[in-house]
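Below: one structure, written as structure tokens.
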Amino acid sequence: MRLTVLGGCGAWPTATQACSGYVVEDEGFRLLVDPGYATLPRLLTHLSVDAVDAVLLSHGHPDHCADLNPLLRARGLSDAPPPPLPVFAPHGAADAVLALDKPSMLADAYELHEFSPGDRMDIGPFRTDTWLLPHFVPNAGIRLSTSRATLAYTGDTGPSPDIPRLAEGADLFLSEATYLRQVPSSGDAPYLLTALLAGQYAQQAGAQRLLLTHLWPGTDPSDALKTAAETFSGPVDVAVPDLAIAL
């Protein structure tokens with residue numbers, strides 16, 4: 001299994017960093033997870049649009065799904081359109097981005113497979129387990145497993161006892177870490193994580209490696225690394241474009 005980071009910036013993209021977006025590959029199957037703002041240009045430096053085999057959304061916020069629209073346009077409006085792209089999303093999570101164009105325009109470009117967080121499904125070679133984790137909208141924590149490796153991903157979430165279960169024994173735990181030590185707004189605190197807490201959950205889960213993502217724009221990655229290392233004894237990295245990790 002191989003993870004390639006397209007972006008890991010929270011909320012909006014910057015001049016050097018796209019929002020959340022990851023390609024997970026195994027056995028030649030390429031799964032695009034969370035094509036957020038500005039991820040398509042990064043994707044095109046690695047793959048052609050018709051090389052994507054499926055898309056998986058954790059939730060419906062645009063910094064996790066907005067570039068599904070140009071991806072579908074690039075496939076569906078090409079001179080030789082590829083087969084419909086399977087899109088897996090929590091119920092209603094893809095509605096807004098799919099409504100950006102009239103339904104007939106991209107109707108043949110995708111097949112929508114909706115699920116409820118908590119469901120298990122197979123996507124290509126990946127056994128995909130999901131958890132409902134707390135966020136402003138329904139969010140699916142995602143665990144992708146093969147016979148050789150396991151990747152756990154929080155999507156966007158606040159504190160939850162389910163997070164260590166999601167990440168239990170994972171080869172790589174990809175965790176949102178919007179802030180360093182404390183979520184500044186009490187109203188946001190139930191729905192976002194810190195680098196400190198991400199490290200704590202990784203330690204509790206016995207994860208082999210921690211990858212921090214969804215940092216607030218302008219956050220110094222070295223500060224996030226140092227903070228997570230206070231609570232996690234294993235290797236820690238920050239999701240930056242083109243980072244590739246073999247599990």
Subject >> Residues being acidic (Asp, Glu) and under 13 Å from Leu193 (Cα atoms) - total across the range 145-174 >> reply: 1
Original post:
Of the residues in the range 150-174, how many are in contact with a Leu (Cβ under 6 Å, 6 or more places away or on another chain), surrounded by 24 or more Cβ atoms within 10 Å (Cβ to Cβ) and among the small types (Gly, Ala, Ser)?
Top reply: 1
**OP:** Restrict the check to the range 51-58 and report whether at least one residue is within 29 Å of Gly187 (Cβ to Cβ) and either of a type in the set (Lys, Arg) or not in a strand (DSSP E or B) (or both).
**Re:** yes
Original post:
All but one of (1) touching an Asp or Glu at 6+ places or on another chain (Cβ under 6 Å); (2) within 23 Å of Ala89 (Cα to Cα); (3) part of a loop (DSSP other than H, G, I, E, B) hold for Gln208; which doesn't?
Top reply: (2)
Original post:
Within the bounds of the range 142-150, is there any residue that is free of Cβ contacts under 8 Å to residues at least 40 places away in the same chain and in contact with a Ser or Thr (Cβ under 6 Å, 6 or more places away or on another chain)?
Top reply: no
Subject >> Residue list for the range 39-65, filter: among the hydrophobic types (A, V, I, L, M, F, W, C) and buried (at least 22 other Cβ atoms within 10 Å of the Cβ) >> reply: Leu40, Leu43, Val55, Leu56, Leu57, Cys65
Original post:
Quick one: which of Leu215, Leu192, Leu196, Leu174 is closer than 12 Å to Ala228 by Cα and either of a type outside the set (D, E, K, R) or within 20 Å of the chain's Cα centre (by Cα) (or both)?
Top reply: Leu196
Original post:
Out of the range 216-235, which residues are out of contact with any helix residue (DSSP H, G or I) (no Cβ under 6 Å at 6 or more places or on another chain) and hydrophobic (A, V, I, L, M, F, W, C)?
Top reply: Trp216, Leu225, Ala229
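Residue by residue, here is whether (1) touching a residue at least 40 places away in the same chain (Cβ under 8 Å); (2) within 30 Å of Ser185 (Cβ to Cβ); (3) surrounded by 15 or more Cβ atoms within 10 Å (Cβ to Cβ); (4) in contact with a Lys or Arg (Cβ under 7 Å, 6 or more places away or on another chain) holds:
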{"residue": "Asp79", "(1), (2), (3), (4)": "no, no, no, no"}
{"residue": "Pro90", "(1), (2), (3), (4)": "yes, yes, yes, no"}
{"residue": "Ala96", "(1), (2), (3), (4)": "no, yes, no, no"}
{"residue": "Ser104", "(1), (2), (3), (4)": "no, no, no, no"}
{"residue": "Asp108", "(1), (2), (3), (4)": "no, no, no, no"}
{"residue": "Glu111", "(1), (2), (3), (4)": "no, no, no, no"}
{"residue": "Ser116", "(1), (2), (3), (4)": "no, yes, no, no"}
{"residue": "Asp129", "(1), (2), (3), (4)": "no, no, yes, yes"}
{"residue": "Pro134", "(1), (2), (3), (4)": "yes, yes, yes, no"}
Original post:
What are the residue pairs meeting all of these: first residue in the range 43-67, first residue at pLDDT 95 or above, second residue in a helix (DSSP H, G or I) and among the acidic types (Asp, Glu), Cβ atoms under 9 Å, and 6 or more apart or on different chains?
Top reply: Gly60/Asp95
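Per-residue answers, yes or no, for (1) of a type outside the set (Phe, Trp, Tyr); (2) surrounded by 15 or more Cβ atoms within 10 Å (Cβ to Cβ); (3) without any contact (Cβ under 8 Å) to a residue 40 or more places away in the chain; (4) not in a loop (DSSP other than H, G, I, E, B):
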{"site": "Pro184", "(1), (2), (3), (4)": "yes, no, yes, no"}
{"site": "Gly187", "(1), (2), (3), (4)": "yes, no, yes, no"}
{"site": "Leu196", "(1), (2), (3), (4)": "yes, yes, yes, yes"}
{"site": "Gly199", "(1), (2), (3), (4)": "yes, yes, yes, yes"}
{"site": "Ala202", "(1), (2), (3), (4)": "yes, yes, yes, yes"}
{"site": "Ser222", "(1), (2), (3), (4)": "yes, no, yes, yes"}
{"site": "Lys226", "(1), (2), (3), (4)": "yes, no, yes, yes"}
{"site": "Thr231", "(1), (2), (3), (4)": "yes, yes, yes, no"}
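The values are calculated or read from the model by the stated rules, or taken from the named source; none is laboratory data. All values reported here derive from a predicted model rather than from experimental measurement. Glycine gets a Cβ as well: all are built from the backbone with ideal geometry, and neighbour counts include every protein chain shown.
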